[in-house]
């Protein structure tokens, strides 16, 4: 069963704008991860945030985690056409060793 | 550096035929290995994961099986393919429990 649910399912923006994607999950987690997938390709890991962390940055990416609301957000600042891809959140449940469960993803389109 | 190889990239098979997809990892030892399936435009479904040679955990009862005959080799098999087995199959590895995954480039399987 899916643990994470991304919102929105699709997002269309112009280059230079910020893109925000949200993820909600159901059970207590060990960590939450965000991945990117270009069409027809494998997934690439973007960032991992642990359950005791609230915010993390990596380049133009900012991830927040609110364990009380069981939600996370991924912010991409100053988006570029090359950011066009699907973005997935994935969670490892507390005690759920080795089982990374993915949501359905957000399809982001950045227009030049 | 570590690399993951997955082949073939595309495969078209008739219903009832057998299947064997192979995944190998280089540059690391004793990786955790995973098989995921992705339906078109959807999220990833965890099929199998393995923490060591001969140790396979199945997540979803289905027409598929997995084997790990060597430390860095993971094989997904079926004796008789069904139409519903069509999808994008992704192999992945991680270096330790609950950490990020590194994905292969995927196999697009079409069962006709």
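The values are calculated or read from the model by the stated rules, or taken from the named source; none is laboratory data. Here the structure is a predicted model, which is why all the values come from computation and not from measurement. Positions of Cβ are generated from backbone atoms using ideal geometry, with glycine treated the same way; all protein chains shown enter the neighbour counts.
Yes or no: segment A:63-73 includes at least one residue that is modelled with pLDDT of 95 or more, surrounded by fewer than 17 Cβ atoms within 10 Å (Cβ to Cβ) and within 20 Å of residue A:107 (Cβ to Cβ).
No, there is no match, as no residue in segment A:63-73 is modelled with pLDDT of 95 or more, surrounded by fewer than 17 Cβ atoms within 10 Å (Cβ to Cβ) and within 20 Å of residue A:107 (Cβ to Cβ).
Restrict the check to segment A:91-111 and report whether at least one residue is in contact with a strand residue (DSSP E or B) (Cβ under 8 Å, 6 or more places away or on another chain), part of a strand (DSSP E or B), surrounded by fewer than 19 Cβ atoms within 10 Å (Cβ to Cβ) and more than 11 Å from chain B (Cβ to nearest Cβ).
Within segment A:91-111, one or more residues are in contact with a strand residue (DSSP E or B) (Cβ under 8 Å, 6 or more places away or on another chain), part of a strand (DSSP E or B), surrounded by fewer than 19 Cβ atoms within 10 Å (Cβ to Cβ) and more than 11 Å from chain B (Cβ to nearest Cβ).
Is segment A:55-73 home to any residue that is facing chain B (nearest Cβ under 9 Å) and under 11 Å from the mean Cα position of the chain (by Cα)? Let's see the steps before the verdict.
In the first step, residues of segment A:55-73 are kept if they are facing chain B (nearest Cβ under 9 Å); the result is none.
Within segment A:55-73, not a single residue is facing chain B (nearest Cβ under 9 Å) and under 11 Å from the mean Cα position of the chain (by Cα).
Listed residues B:86, B:77, B:65; which is touching a residue at least 40 places away in the same chain (Cβ under 8 Å), farther than 18 Å from residue B:26 by Cβ, away from chain A (no Cβ under 13 Å) and touching a strand residue (DSSP E or B) at 6+ places or on another chain (Cβ under 8 Å)?
Numbers: B:86 fails: touching a residue at least 40 places away in the same chain (Cβ under 8 Å); B:65 fails: touching a residue at least 40 places away in the same chain (Cβ under 8 Å).
That would be B:77, the only listed residue that is touching a residue at least 40 places away in the same chain (Cβ under 8 Å), farther than 18 Å from residue B:26 by Cβ, away from chain A (no Cβ under 13 Å) and touching a strand residue (DSSP E or B) at 6+ places or on another chain (Cβ under 8 Å).
I need the full set of residues from segment B:99-112 which are facing chain A (nearest Cβ under 10 Å) and exposed (fewer than 15 other Cβ atoms within 10 Å of the Cβ), in order please.
Result: B:105, single match.
For segment B:74-98, how many residues are on the phi < 0 side of the Ramachandran plot and surrounded by 16 or more Cβ atoms within 10 Å (Cβ to Cβ)?
Here the count works out to 14.
Which one is nearest to the chain's Cα centre (by Cα) among residues in segment A:26-43 that are facing chain B (nearest Cβ under 7 Å), assigned to a strand (DSSP E or B) and closer than 20 Å to residue B:90 by Cα?
A:33
Looking at segment B:26-45 only, could you name the residues that are in a strand (DSSP E or B) and more than 20 Å from residue B:10 (Cα to Cα)?
B:26, B:32, B:33
Does segment A:1-21 hold any residues that are over 12 Å from residue A:100 (Cβ atoms), assigned to a strand (DSSP E or B) and in contact (Cβ under 8 Å) with a residue 60 or more places away in the chain, and which are they?
A:5, A:6, A:7, A:10, A:11, A:12, A:13, A:14, A:19, A:21
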